[in-house]
Structures are given as C-alpha cells and as structure tokens.
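Below: the structure, in structure tokens.
Every read-out reported here was derived from the displayed coordinates using simple, explicitly stated rules and does not represent laboratory data. Owing to the predicted nature of the structure, the values given are computational and were not obtained by experimental measurement. Using ideal geometry, Cβ is built from the backbone for each residue, glycine included, and neighbour counts are taken over all protein chains shown.
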Amino acid sequence: MVGSYGASDSYGGTSMNIAIIFAGGAGIRMGAGIPKQFLEINGKPIIVHTLDLFESHPEIDAIYMAVLADYIPYMQKLTRKFGIEKVKGIVPGGESGQDSIYNALTAARKENPGDSIVLIHDGVRPWVSFDTIMRNIEGVKKNGNAITCTACYETILMSSNGEQVEQVPYRKDTFAAQAPQSFRLDDIIAAHETVRASENGYENLVDSCTLMRSIGKEAYMVEGNRGNIKVTTPEDVYMYRALIQYRENEQAFGIGQTPDILKKSGYEKKN
C-alpha cells in the first residue's frame, strides 16, 4: 500500500516512504558465533524484531536491506517465515556501514521515485517507536532531512587522547544521535556519491548525519524515544530482553506502557 504521505512527483511515479535497513556487520564486539543481527531473542532474530516495527507501520511502503552476502538466502527465508511482506530488495553489504547503506539506497532508487523519503535505520535497533518514525517522515517533508536524537542526561566530556578532559560542553546543548536518519532518496544518494568521489571517502563518517554535514549540508533534529538502543554488546542484549519483559508484564498485568508503535499498529494483539 502507499501511505497517505505519498504524492505524485516529477518522475511520473508516486513518492514512497521507504525503510533502508543496514545489517551488514559481523558483530565482532558482541563476541558471538553469528552476526549480532541474527541472534535470537524471544524466538526471533534481532533483525526480525526491527523489521516488524516497519512492517507494522502504516506509513512505511517498502523496505530495502543490506546484509552480509553469505546471509542473504537466510534473510530471505526469515522474511518468509515471519511474514515480512514489505521487503522489496535484499542486497550485499559493503566494507563499511556507509557502503552497505549506499548499496541499499541504489537498489531502492532503481524502483522508486527520487523524491521518496528514506528512513535509514540500524538493523540492531529493534525498539524505535511509532511516533519517532512519524516524526522522521514529517521532518523530511518540512526540512528535507530528519536526524533522530535524544537529549543527553549525562555530562559529555571531550578528549582527544581518552585521558585528559579538554572540553566540557553545556549538557543542555548536547544530544545523542540515533536512528532512523531520514532524507529524500536523491539527496542522500547525491551526498554519498560526492563523498565516495573524495580523497578520504567514508573515513570517520560514522552515520548519515555526519556524512551530510561533511559536505556542508544542514541537518535537522527530531525527537527520538528512550529505549531505542543499538544492540551491540552482550550488555545490550540483556537491556533489550528487559524491555521485552517490561512489555510482556504490561500485557499480563496492565502496568507500564507498551511501545506506541505496537499499540497503534495492533501488533501486540497478533503476537
């Protein structure tokens, strides 16, 4: 289906809202025998938990993924097993996260108008909320891009050597960038191609916001949700399991607050 945000564009097609999920990492920091995105939690790999959130969102029209080349057949099997119907393409990941994102973006561009909105999201962030996704879509429509952020509650220290404190920015001026990070499809592809043609390429470009700022483009923040963790270390796995337990306790005893993406999509009633 095409979400209500879709609109006719100069390409003669209909603008789409597309999730770009990159999951091409090998999971070295996790120390597991398989890539972290395929670790099972409560009967599902982490990547499937993430896909469920976009699959269930009524404003997401399509999903394109980049995964480790050897895992593409397994990923295809997972989408069939868990009923992930919005996935329109699965492509090999690249040498870096940015290479993987570029591969998925170019796959999406072959089949969709250039002014489509793309929400670039980590495959191991399985707790993004319904409203955060909506704010990303609305932010791109208003400002041309949207970077999911949360205010920092702890003091941030600046240090080039990891030993001596060189600067302490005001906490009120500090935010943690998360995902999704969202753009018009042609805009983010053009930014990638500019960077790829440069001398340093993707060096030190840790996310899409950094990439855009590196070529002088403005970036605009939207509010993210607490709990939108990136499952990277064993400790993160325990945190995510606790979030799932919290949701299950609410459903059983009527306490707490189920993540809004699950409530508004009706997902928790089906699972």
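Sorting the segments 125-134, 221-230 by their residues' average number of neighbouring beta-carbon atoms within 10 angstrom, most packed first, yields 125-134, 221-230. What percent does the relative contact order of segment 17-265 come to when contacts are Cα pairs within less than 8 Å and at least six residues apart? It comes to 22 percent, rounded to a whole number.
For the peptides 144-151, 193-200, the ranking by mean Cβ contacts within 10 Å, running from highest to lowest, is 144-151, 193-200. Please grab the % of Cα pairs in segment 17-265 that end up more than 28 Å from each other. Percentage above 28 Å: 32.
Between Tyr153 and Ile41, the C-beta separation translates, for a Förster distance of 41 Å, into a calculated FRET efficiency of about 0.95. Overall shape of segment 67-191 was characterised from the C-alpha gyration tensor. The equivalent ellipsoid obtained from it has semi-axes of 31, 19, 16 Å, in decreasing order. Cross-link check: pairs Lys44/Lys142; Lys77/Lys141; Lys44/Lys217; Lys81/Lys230 evaluated at a Cα-Cα cut-off of 28 Å; pairs beyond the cut-off: Lys44/Lys142; Lys77/Lys141; Lys44/Lys217. The Rg/Rh ratio of segment 39-128, with Rg taken over Cα atoms and Rh as the Kirkwood radius over Cα pairs, comes to 0.93.
Taking other Cβ atoms within 10 Å as a rough exposure proxy, Glu55, Glu163, Glu95, Glu138 sort from fewest to most as Glu163, Glu95, Glu138, Glu55.
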